[in-house]
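The values are calculated or read from the model by the stated rules, or taken from the named source; none is laboratory data. Nothing here was measured: the structure is a model prediction, and the numbers come from that model. No Cβ is skipped: glycine too gets one built from the backbone with ideal geometry, and neighbour counts run over all protein chains shown.
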Protein chains: 2
Amino acid sequence: MARSGDFVDVRVQRSKAAVLAQTYELLSAGGIGGVSIDEVSRRSGVSKTTIYRHWPSRAALLIEACSTIGSAPPVPDTGSFGGDLVALIEALAEQLRSARWAAVLPSIVDAAERDPELAGLHADLHARLMAPFGVVTERAQARGELAADRGPADVTAAVAGPLFYRRWFSREPLDAAFVARVVEDALGHLGA
Amino acid sequence: MARSGDFVDVRVQRSKAAVLAQTYELLSAGGIGGVSIDEVSRRSGVSKTTIYRHWPSRAALLIEACSTIGSAPPVPDTGSFGGDLVALIEALAEQLRSARWAAVLPSIVDAAERDPELAGLHADLHARLMAPFGVVTERAQARGELAADRGPADVTAAVAGPLFYRRWFSREPLDAAFVARVVEDALGHLGA
DNA sequence: GCGAAACAGTACGGTACAGTATCGTACTGT
DNA sequence: ACAGTACGATACTGTACCGTACTGTTTCGC
């Protein structure tokens, strides 16, 4: 064994990084369906053989590439539920406007609708993206700031739903005025 | 010209109907990416040649097949905005639970994110599905039941957003309790 | 019955893709 | 220096797909 377990051959790191980078690139541009191993190989300069040396299948590569997207936003702690919520909503709106993954997510949702393997990926991604809402909501519940019959899932749906709808379904701009109205509505649910 | 303009050969009607039916079938099962002309031909018993006689391309067939989905739900008229809204929300929730198109829409959204031709289809579909919310909201505005700064687009986003989010993103069940909370929130926006 | 139209069947050409196999080269850690 | 390893190039198998060309048959409208 030439490897001491922890250290990985520099060549491997280089190849994997190049492949993942180009996979991510194609993913952003064409969604899951837009990624082919041939194209990744062509663009990254890493031969197909080598790609299959590091990932057992196209799906495995896709999953690894997707798992790096949508890094968890920081959980705000402004002291009040309202403040936290505003911070989260505005951060989410900003991401939906500009982040690369905003263009990729629909294809993941579509794939999850059928492929069980990718449904797992979708679940992970969703959990990672929405976790801050859960944290903030639970904190508010503990402080008694929230109506008793509202859980984290309800708050998240009430807040993220309109933003998602706007981004992918109505495709209207996520302008400041709209975001402000969503915030206002969300804060209207406070108390019993 | 053997055709008198209005009447279409029975054979043509038969073929087109069979093709559209199978296209819709494949669409429901596999989304847009799951439809191939070869497969449609195989299942429908209509030869590929004939399919291409009636549609110039795969995209054209897809568009026609999609345009039949999501038939506009009836616009309720209960006399009050609240009543109308409850009826619409419950109808939408029911469709999201069971309708075939609920499984197809993500792939259309994904396609619309890139392909301009299919973006048009998406826009049509969205307009058709959401039109009732617009009608009901405008009626309420005319009666002065609605806060002045809320338009149809806002109401639709606030109501459909959480349902869509739940159906496609969190993938939690659209149970009666959840729908009831969405209704409750929506009605909380009434008045100034 | 007859002509025109629609049809099925089939075989293409061309492209794209997943994944495998082989072989010789270049690099890395020691 | 050297052994082990990663690598690129290339070719290949097998599949699936779009769209077209051709041939002969069925079937409709009149």
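On the given criteria, is A:S44 small (G, A, S), more than 10 Å from DNA strand C (Cβ to nearest atom), more than 14 Å from chain B (Cβ to nearest Cβ) and farther than 18 Å from B:D110 by Cβ?
Numbers: small (G, A, S): yes; more than 10 Å from DNA strand C (Cβ to nearest atom): yes; more than 14 Å from chain B (Cβ to nearest Cβ): yes; farther than 18 Å from B:D110 by Cβ: yes.
Here the answer is yes, as A:S44 does meet what is asked.
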Flagged in region A:121-141 as under 9 Å from the mean Cα position of the chain (by Cα) and surrounded by fewer than 16 Cβ atoms within 10 Å (Cβ to Cβ), in numbering order, are A:D124, A:A127, A:R128
Given the conditions (1) exposed (fewer than 15 other Cβ atoms within 10 Å of the Cβ); (2) more than 7 Å from chain B (Cβ to nearest Cβ); (3) assigned to a loop (DSSP other than H, G, I, E, B), and given that A:L174 satisfies all but one, which numbered condition is not satisfied?
(1)
The number of residues in region B:6-18 that are near DNA strand C (Cβ under 9 Å from one of its atoms) and hydrophobic (A, V, I, L, M, F, W, C) is 4
Residue satisfying all of: in region B:30-47; over 22 Å from the mean Cα position of the chain (by Cα), loosely packed, with under 15 Cβ neighbours inside 10 Å and near DNA strand D (Cβ under 8 Å from one of its atoms); nearest to B:A93 (Cα to Cα) among these
B:D38
Scan region A:134-156 and give yes if some residue there is more than 19 Å from A:P76 (Cβ to Cβ), touching a Pro at 6+ places or on another chain (Cβ under 7 Å) and either aromatic (F, W, Y) or part of a helix (DSSP H, G or I) (or both), otherwise no.
no
Can you name the number of the only condition in (1) within 22 Å of A:A176 (Cα to Cα); (2) surrounded by 14 or more Cβ atoms within 10 Å (Cβ to Cβ) that A:L118 fails?
(1)
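Of everything in region A:53-69 that's surrounded by 15 or more Cβ atoms within 10 Å (Cβ to Cβ) and either over 25 Å from A:P116 (Cα atoms) or not aliphatic (A, V, I, L, M) (or both), which residue is farthest from the other protein chains (Cβ to nearest Cβ)?
Pass one, region A:53-69, residues surrounded by 15 or more Cβ atoms within 10 Å (Cβ to Cβ): A:54-55, A:58-59, A:61-66, A:69.
When the remaining residues are screened for being either over 25 Å from A:P116 (Cα atoms) or not aliphatic (A, V, I, L, M) (or both), the result is A:54-55, A:58, A:64, A:66.
Details: A:H54: 26, A:W55: 22, A:R58: 14, A:E64: 21, A:C66: 14 Å.
That would be A:H54.
Listed residues A:A72, A:A147, A:A103; which is within 12 Å of another protein chain (Cβ to nearest Cβ) and touching a helix residue (DSSP H, G or I) at 6+ places or on another chain (Cβ under 8 Å)?
Working: A:A72 fails: within 12 Å of another protein chain (Cβ to nearest Cβ); A:A147 fails: touching a helix residue (DSSP H, G or I) at 6+ places or on another chain (Cβ under 8 Å).
Of the residues listed, the single one that is within 12 Å of another protein chain (Cβ to nearest Cβ) and touching a helix residue (DSSP H, G or I) at 6+ places or on another chain (Cβ under 8 Å) is A:A103.
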The one condition A:E113 fails out of (1) within 16 Å of DNA strand D (Cβ to nearest atom); (2) within 14 Å of chain B (Cβ to nearest Cβ); (3) touching a Phe, Trp or Tyr at 6+ places or on another chain (Cβ under 9 Å) is (1)
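Please work out if B:A72 is modelled with pLDDT under 90 and closer than 21 Å to B:I32 by Cβ.
Working: modelled with pLDDT under 90: yes; closer than 21 Å to B:I32 by Cβ: no.
Taking the combined requirement at face value, the residue does not satisfy it.
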Would a scan of region B:155-164 turn up a residue that is more than 7 Å from every other protein chain (Cβ to nearest Cβ), on the phi < 0 side of the Ramachandran plot and without any contact (Cβ under 8 Å) to a residue 24 or more places away in the chain?
no
Does A:E25 satisfy the condition of being within 8 Å of DNA strand C (Cβ to nearest atom) and surrounded by 13 or more Cβ atoms within 10 Å (Cβ to Cβ)?
no
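Listed here are the residues, each with its yes/no results for (1) near DNA strand D (Cβ under 9 Å from one of its atoms); (2) at pLDDT 95 or above; (3) more than 14 Å from chain B (Cβ to nearest Cβ).
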residue: A:V8; (1), (2), (3): yes, no, yes
residue: A:A18; (1), (2), (3): yes, yes, yes
residue: A:Q22; (1), (2), (3): no, yes, yes
residue: A:S28; (1), (2), (3): no, no, no
residue: A:T49; (1), (2), (3): yes, yes, yes
All but one of (1) touching a strand residue (DSSP E or B) at 6+ places or on another chain (Cβ under 8 Å); (2) closer than 20 Å to A:G31 by Cβ hold for B:I63; state the number of the condition that does not hold.
(1)
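Can you tell which of B:R58, B:R11 is closer than 21 Å to B:H122 by Cβ and among the charged types (D, E, K, R)? Break it down into steps so the answer makes sense when it comes.
On the way: B:R11 fails: closer than 21 Å to B:H122 by Cβ.
Selected residue: B:R58, the only one of B:R58, B:R11 that is closer than 21 Å to B:H122 by Cβ and among the charged types (D, E, K, R).
Confirm whether A:G82 is touching a residue at least 60 places away in the same chain (Cβ under 8 Å), within 19 Å of B:A111 (Cβ to Cβ) and either β-branched (V, I, T) or away from DNA strand D (no atom under 15 Å from the Cβ) (or both). If you could, list the steps in order and put the result at the bottom.
Working: touching a residue at least 60 places away in the same chain (Cβ under 8 Å): yes; within 19 Å of B:A111 (Cβ to Cβ): no; either β-branched (V, I, T) or away from DNA strand D (no atom under 15 Å from the Cβ) (or both): yes.
Here the answer is no, as A:G82 does not meet what is asked.
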